Amino acid sequence: MSSSPTPTVAGRAEAAKPVPHAGRLDAVGYLIALGGIVRRELLRFFHQKERFFSAMVRPLVWLFIFAAGFRNTLGTSITPPYETYVLYEAYVVPGLAVMIQLFNGMQSSLSMVYDREVGSMKVLLTSPYPRWTLLLAKLIAGVSVSIVQAYAFLAIAWFWDTGIPPIGYLAALPAFLAAGLMLGAIGLFLSSLVRQLENFASVMNFVIFPMFFASSALYPLWQVRASSEWLYWICMANPFTHAVELVRFALYGRFEPLACAVVVGTGLLFFTLAVIAYDPGRGIMARRGGPAGGAA
């Protein structure tokens, strides 16, 4: 009659030893979740080469074609942060860089609509991690991709003699981070309102183009005010305007406090709304019967 082998003392001790971070929502566990989501988003970006080139097409076409045609008619006078007269292509570079972040934030939201239903986020949203940490990780992942794209555009625009000082590229990094977080938070909230991918494109047409064209990305606000007072105030109320101005001033080594306050405040507002909307107990996901589970 055979008997089962008796575990050794060392074996019992090894079995009783707790696995690090297993079933625990500690700081290291949060960092592992954050790192995994960011790494997945970056791998998706680098594996989809067409995504990078498509993000470059819009700003480069505007810089190479439209700016070349308008350079003699739409130059900008001496207004902060510029200390001299600048050509039109030098003026539009900051706005086009932030435009990349705008489109990336909306594209990241588009992937969120898909992932929430059948992708990885459907599983993550049912994990024991609080919803806000998962949404923040998704937001940071999208911002990381948008910053890479924005600096790739700035590297190409450098050959057009934009007049940006070398220190400005480093000084603009926090501004790009704040602008990307704000635009990503807006897109994240919009993704909670859309249930099907087919409806997302129409929603974006009512968000992206009004935000971009009713801003200071393509023309100074003093020129807008000279032609239309009410359009000027619409541009001033547009958070994208302040994101552009925050980056514009930072690229020239200056800080714009009003733009920073609007960008940070708008980002926190829409991220809070997104967390509430994705809360399975009280938000939009609850009314729609979305992915359940997870602590808020």
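Provide the FRET efficiency to the nearest 0.05 for the W160-Q223 pair, computing r from the beta carbons and using R0 = 25 Å.
Plugging the Cβ-Cβ distance into 1/(1 + (r/R0)^6) gives 0.70.
Under the Kirkwood approximation applied to all pairs of distinct alpha-carbon atoms, what is the hydrodynamic radius of the range 203-278 in Å?
13.4 Å
Which value, in Å² and to the nearest 10, is the accessible area of F52 when all protein chains are kept and the probe is 1.4 Å?
Taking all protein chains as shown, F52 has close to 60 Å².
Report, largest value first, the span of the C-alpha coordinates of the range 234-282 along each principal axis, in whole Å.
46, 23, 13
For the range 128-226, divide the Cα radius of gyration by the Kirkwood radius and give the resulting Rg/Rh value with two decimals.
1.04
Taking all protein chains together and a probe of 1.4 Å, list C260, C235 from the most accessible to the least accessible. Before the final figure, lay out each step's value.
On the way: C260 40, C235 0 Å².
From most accessible down to least: C260, C235.
On a 1.4 Å probe surface of the protein chains, which of T84, T162 comes out largest in accessible area, and what is the full order?
On the way: T84 80, T162 10 Å².
Descending order: T84, T162.
Taking a probe of 1.4 angstrom, what is the accessible area of I147 in Å², to the nearest 10?
About 30 Å², ignoring ligands and nucleic acids.
The values are calculated or read from the model by the stated rules, or taken from the named source; none is laboratory data. This is a predicted model, so every value here is computed, not measured. As a convention, Cβ positions derive from the backbone with ideal geometry for all residues, glycine included, and neighbour counts pool all protein chains shown. SASA here: full protein model, heavy atoms, side chains in, ligands and nucleic acids out. Shrake-Rupley method; radii C 1.70, N 1.55, O 1.52, S 1.80 Å.
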